Amino acid sequence: MNLAYRDIRHNLGRFLLTCFGLSLLLGVVLSMIGIYRGLVEDALTLVRTPGVDVWVVESGTRGPFAESSRIPGDTREAIARLQGVEAAGAVTYQSIETSHKGNKLRFYVVGYELGRPGGPDQIVSGRTIGRSRYEMVADRRARLALGEGIQLGRDTFTVVGLTDGQVSSGGDPVVYVTLRDSQELQFELAPPAARREIARGTAPGNTDTINAVVAHVSPNVPADSVVISARRWKHLAATTQAGQEHILTSSVVERARKQIGLFTAILLMVSAVIIALILYTMTMDKLREIATLKLIGASDRTIIGLILQQALAMGIFGFALGALLITTIKDFFPRRVVLQPEDGLALAAVVILVCVVSSGLGVRLALKVDPATALGG
Amino acid sequence: MIVSEVTRPAPLVQVHKVSKHFGEDETRVDALRDVSLEVSPGQVVALLGPSGSGKTTLLNVIGCILEPSSGRIILDGEVVYDGRWLRSDLRRLRLEKVGFIFQFHNLLPFLNSTDNVAVVLNLAGYAAAEAKRRAVELLDYLDVAHRRDAMPASLSGGEAQRVAIARALANHPRIILADEPTAALDSQRAGIVMDLLRKVAAEQDAAILAVTHDEKIFDRFDRIFHLRDGALETETSNVFG
Ligand SMILES: Nc1ncnc2c1ncn2[C@@H]1O[C@H](COP(=O)(O)OP(=O)(O)OP(=O)(O)O)[C@@H](O)[C@H]1O
Ligand SMILES: [Mg+2]
């Protein structure tokens, strides 16, 4: 006869309610971890999409994502001539805000050269950009339909293809346009004063600026050697793909990571305290029964078993419910929530540990109970 | 009486000069002072006395729930206390030798009648099916078999008390300690419960010690001990005994 199970069954409603509350709490913890993972993944999508080996940016910057970088448009030709470079492409990145059908929309616009590295990697519906002007490939999250026209700057762009899961590190959906269109947008959307100076030719830059050059390197040549060659130009800086990913995770994601990490730690502590409290009151409510059990000859093992089994049942059930809940609703979050099995397992292990440790409090209480308290009226 | 004194079998409960005090100095309360008594198999004995006279304390000391301050206690021929506990597993001792009946039945609220009885047998190491079979048998013996699947909350006071008695009897204890077993019952039910206890004492050769205030059931006891301020005052032998 399992006393823990019998007691739970007798107070099933209360047990389920407790589990439900716990599951919400653990669900929040799990979604925090998922949001963090999503953040990292989102931040890395843009870096990974071109599938290149080397990034060339303005010297002294950690561009093009962590810091802004502007280099002349002809840099691409220079990089393409370096030994070991198989293909190179000029790219621009900019955030723009526009209104469409009465809604404010924010996009992260990527400009790339057709037929060169830097464009979208996978089109899930429609096609890639075919004409050099006024076509765009948009991410599904922009909620634009194929064939839909959208005004950017002075021109109307037609959506010809859709990607899935392409967002900037800020969570804005990515749209791809040709390099020429993007340069024009950059000019049109610049502040009026700067625009006038560029038009006059008095500004240091001209309209043919780009943010980075991305390059494929031949498998026989180490990417590092290309990076070293590119750095010989005083106005350029270069990193490998791994270096670029590192810059992004360390600078862009680092603060968010600390923020969310701290928050998750606090949540975990709150959960631990709440679990301990629940288990403690659960034991408190049973003191008379526990005294009776002692009186009729139950061993400490029986009593510890009763408390521990209920603690574990609550923890495991609450966790499972929480995990189920978050898995069900994760796609409704505005930003990506990535649930990794190993994170789930780690949290489950923490929950079980917390349950065991917290039930220690209840166990102590239970073992101290004087069986005589069952006798009194 | 004198004849039976000679042929009386070895007592089941022997309390020898047992004292118990709580606290020290100003707060010292002498709950038991040099109490000595013996109860033989088959006897149903009452403990009487005003509130605070030490009745519950005496019961707890005999049931090895409370450690005396001095004296000697022998249960079923085994010296369990002689200035100190002589057994480390007092709960096991209780499981083997002692059954408790409480004023309020103290059934486990999450088990039905049968399982409330069977749980003791489970603790004693019976297989589940055997424990259940014996539990139902006991409930039948106590005339509550028809309520075997009922949860304690739905039992009447008398039914609950009878289930509790079944539980106290489950592991064949030869010593049954009852603290005001009939206080929560009306006089008719109290009479039924007392008759049952008498039946158990007679049929199972058990010694029964019951604390009571209930004058209506005095005639159901073989002997009556009077406690006052922790000391055993007089012993009345009951004409019905
Ligand atoms: N745990 C304790 N700590 C201190 N004093 C106690 C304790 N238990 C009992 N006493 C005291 O010992 C004395 C005897 O108490 P006991 O409970 O044995 O009385 P009782 O005869 O059962 O009374 P009642 O009829 O009211 O149940 C009382 O004065 C009581 O206050
Ligand atoms: Mg009392």
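The values are calculated or read from the model by the stated rules, or taken from the named source; none is laboratory data. What you are looking at is a predicted structure, and each value in this text was computed from that prediction instead of being measured. Methodologically, a virtual Cβ is constructed for each residue, glycine included, from the backbone with ideal geometry; neighbour enumeration extends over all protein chains shown. Just the protein is used for accessible areas: all its heavy atoms, side chains included, with ligands, DNA and RNA removed. Shrake-Rupley method; radii C 1.70, N 1.55, O 1.52, S 1.80 Å.
Those residues that are open to solvent by 30 Å² or more (accessible area, probe 1.4 Å) and in a helix (DSSP H, G or I), I need them from region A:222-240; list them, please.
Of everything in region A:222-240, those that are open to solvent by 30 Å² or more (accessible area, probe 1.4 Å) and in a helix (DSSP H, G or I) turn out to be A:224, A:225, A:228.
When you scan region B:113-133, how many residues do you find that are more than 8 Å from every other protein chain (Cβ to nearest Cβ), touching a helix residue (DSSP H, G or I) at 6+ places or on another chain (Cβ under 6 Å) and surrounded by fewer than 20 Cβ atoms within 10 Å (Cβ to Cβ)?
Total satisfying the criteria: 1.
Being under 33 Å from the mean Cα position of the chain (by Cα) and open to solvent by less than 30 Å² (accessible area, probe 1.4 Å) is the filter here, so list the residues in region A:77-93 that pass it.
Result: A:79, A:85, A:88, A:89, A:90, A:91, A:92, A:93.
Within region A:334-356, is even one residue in contact with a helix residue (DSSP H, G or I) (Cβ under 7 Å, 6 or more places away or on another chain), within 14 Å of another protein chain (Cβ to nearest Cβ) and not in a helix (DSSP H, G or I)?
Within region A:334-356, not a single residue is in contact with a helix residue (DSSP H, G or I) (Cβ under 7 Å, 6 or more places away or on another chain), within 14 Å of another protein chain (Cβ to nearest Cβ) and not in a helix (DSSP H, G or I).
Before we move on, is residue A:180 surrounded by fewer than 20 Cβ atoms within 10 Å (Cβ to Cβ) and at pLDDT 85 or above?
yes
Could you list, in sequence order, all residues of region A:183-203 that are open to solvent by 40 Å² or more (accessible area, probe 1.4 Å) and either modelled with pLDDT of 75 or more or in contact with a Lys or Arg (Cβ under 7 Å, 6 or more places away or on another chain) (or both)?
The answer is A:184, A:187.
Is one or more of the residues making up region A:95-103 touching a residue at least 40 places away in the same chain (Cβ under 8 Å), closer than 12 Å to residue A:56 by Cβ and surrounded by 14 or more Cβ atoms within 10 Å (Cβ to Cβ)?
no
Tell me the residue from A:45, A:18 that is out of contact with any helix residue (DSSP H, G or I) (no Cβ under 7 Å at 6 or more places or on another chain) and more than 14 Å from chain B (Cβ to nearest Cβ), please.
A:45
From the set of residues in region B:90-112 that are facing chain A (nearest Cβ under 7 Å), within 16 Å of residue B:135 (Cα to Cα) and modelled with pLDDT of 90 or more, which is surrounded by the fewest Cβ atoms within 10 Å (Cβ to Cβ)?
Filtering first and then ranking leaves B:111.
Does region B:185-198 contain any residue that is part of a loop (DSSP other than H, G, I, E, B), in contact with a Lys or Arg (Cβ under 8 Å, 6 or more places away or on another chain) and crowded, with 17+ Cβ neighbours inside 10 Å?
Taking every residue of region B:185-198 in turn, none turns out to be part of a loop (DSSP other than H, G, I, E, B), in contact with a Lys or Arg (Cβ under 8 Å, 6 or more places away or on another chain) and crowded, with 17+ Cβ neighbours inside 10 Å.
Between residues in region B:59-86 that are away from chain A (no Cβ under 12 Å) and residues that are part of a loop (DSSP other than H, G, I, E, B) and within 16 Å of ligand 1 (Cβ to nearest atom), which pairs lie under 7 Å by C-beta distance while being six or more apart or on different chains?
B:80/B:64; B:81/B:68; B:85/B:67
Considering each of A:373, A:328 in turn, give the residue that is open to solvent by 70 Å² or more (accessible area, probe 1.4 Å) and touching a residue at least 40 places away in the same chain (Cβ under 8 Å). It would help to see each step written out before you state the result.
Numbers: A:328 fails: touching a residue at least 40 places away in the same chain (Cβ under 8 Å).
Answer to the selection: A:373.
Taking region A:298-315, which residues are free of Cβ contacts under 8 Å to residues at least 12 places away in the same chain and open to solvent by less than 10 Å² (accessible area, probe 1.4 Å)?
A:298
I'd like the full set of residues that are out of contact with any Asp or Glu (no Cβ under 7 Å at 6 or more places or on another chain) and within 16 Å of ligand 2 (Cβ to nearest atom), limited to region A:324-377.
A:370, A:371, A:372, A:373, A:374, A:376, A:377
What helices (runs of 4 or more DSSP H) completely inside region B:73-148 contain at least 1 residues that are among the hydroxyl-bearing types (Ser, Thr, Tyr) and over 22 Å from residue A:370 (Cβ atoms)?
The qualifying helices (runs of 4 or more DSSP H) are B:113-123, B:128-141.
Please give the number of the condition residue B:160 fails out of (1) more than 22 Å from residue A:374 (Cα to Cα); (2) part of a helix (DSSP H, G or I).
Condition (1) is where residue B:160 drops out.
What pairs come up if the first residue lies in region A:147-161 and is in contact (Cβ under 8 Å) with a residue 12 or more places away in the chain, the second is of a type in the set (D, E, K, R) and assigned to a strand (DSSP E or B), and their beta carbons are under 9 Å apart, counting only those six or more places apart or on different chains?
A:157/A:135; A:158/A:135; A:159/A:135; A:160/A:135; A:161/A:135
Any chance you could count how many residues in region A:357-370 are open to solvent by 20 Å² or more (accessible area, probe 1.4 Å), in a helix (DSSP H, G or I) and within 14 Å of another protein chain (Cβ to nearest Cβ)?
Here the count works out to 1.
Can you tell me which residues in region B:31-67 are open to solvent by 50 Å² or more (accessible area, probe 1.4 Å) and either in contact with an Asp or Glu (Cβ under 9 Å, 6 or more places away or on another chain) or within 11 Å of ligand 1 (Cβ to nearest atom) (or both)?
Scanning region B:31-67 gives B:33, B:50, B:51, B:52, B:56.
So that you can scan it fast, the table gives a plain yes or no per residue for (1) among the polar types (S, T, N, Q); (2) more than 14 Å from chain B (Cβ to nearest Cβ); (3) within 16 Å of residue A:362 (Cβ to Cβ):
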| position | (1), (2), (3) |
| --- | --- |
| A:284 | no, yes, yes |
| A:287 | no, no, yes |
| A:319 | no, yes, no |
| A:327 | yes, yes, no |
| A:331 | no, yes, no |
